[in-house]
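These notes concern the structure reproduced below.
The values are calculated or read from the model by the stated rules, or taken from the named source; none is laboratory data. Because the structure is predicted, anything quoted here is derived from the model rather than measured. Ideal geometry is used to build each Cβ from the backbone, glycine not excepted, and the neighbour counts take in all protein chains shown.
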Amino acid sequence: MEPLFTTKSVFNFEEYKKFNFALSGKNTLIAFCILCPIIIVCGIIGHSGLYIALGLIFPLIMFLTYKLQLRKIYKSNKLADKLEPEYKFYDTYFTVKDIRSEATVQYGMLYKVIFTKTNVYLMIAKNQGYMLIKSNFPEGLEDFLKQITPKKKH
């Protein structure tokens, strides 16, 4: 059977960072936007330079720690480094194939589909999914993916 759409992707550190941010970065950013001003206000109210400094330095320390942790996790996965998977989309499923493996996933088995400005993530679990790069999409693939997006169950 001929696929409806075919696209290629790449797994590298930059794409991994985008994927991680799409999963948890927004929540972390919101937490910092709430927590840091609270720490600074407590410092001002309590006349504590330490709290004010902490409120200003804390985001930088957390950002650097976050980035180092991401790089450590990425480098620990030797099997995935620099993979270039090819995705083929059919009516009811897609396949992904790279030099190490091949998988078939039914659309109904997807946990969720996340759309960002530059990527689409086909999630098979809360923290596991396939990374697609929109700039590599053939015409019509993004609209097709929007149609197969799992509906929320109540």
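Annotations
- Restricted to strands (runs of 3 or more DSSP E) entirely inside region 48-125, those with at least 2 residues that are of a type in the set (Phe, Trp, Tyr) and surrounded by 14 or more Cβ atoms within 10 Å (Cβ to Cβ) are 86-89, 93-97.
- When region 126-137 is filtered for residues that are touching a helix residue (DSSP H, G or I) at 6+ places or on another chain (Cβ under 9 Å) and either in a strand (DSSP E or B) or within 11 Å of Ser9 (Cα to Cα) (or both), the ones remaining, listed by number, are Gly129, Met131, Leu132, Ile133, Lys134, Phe137.
- Hits in region 111-142 (condition: of a type in the set (Lys, Arg) and in contact with a strand residue (DSSP E or B) (Cβ under 9 Å, 6 or more places away or on another chain)): Lys112, Lys126, Lys134
- Pairs linking a residue in region 59-75 that is of a type in the set (Lys, Arg) to a residue that is surrounded by 10 or more Cβ atoms within 10 Å (Cβ to Cβ) and modelled with pLDDT under 80, with Cβ atoms under 9 Å and 6 or more positions apart or on different chains, are Lys75/Asp81.
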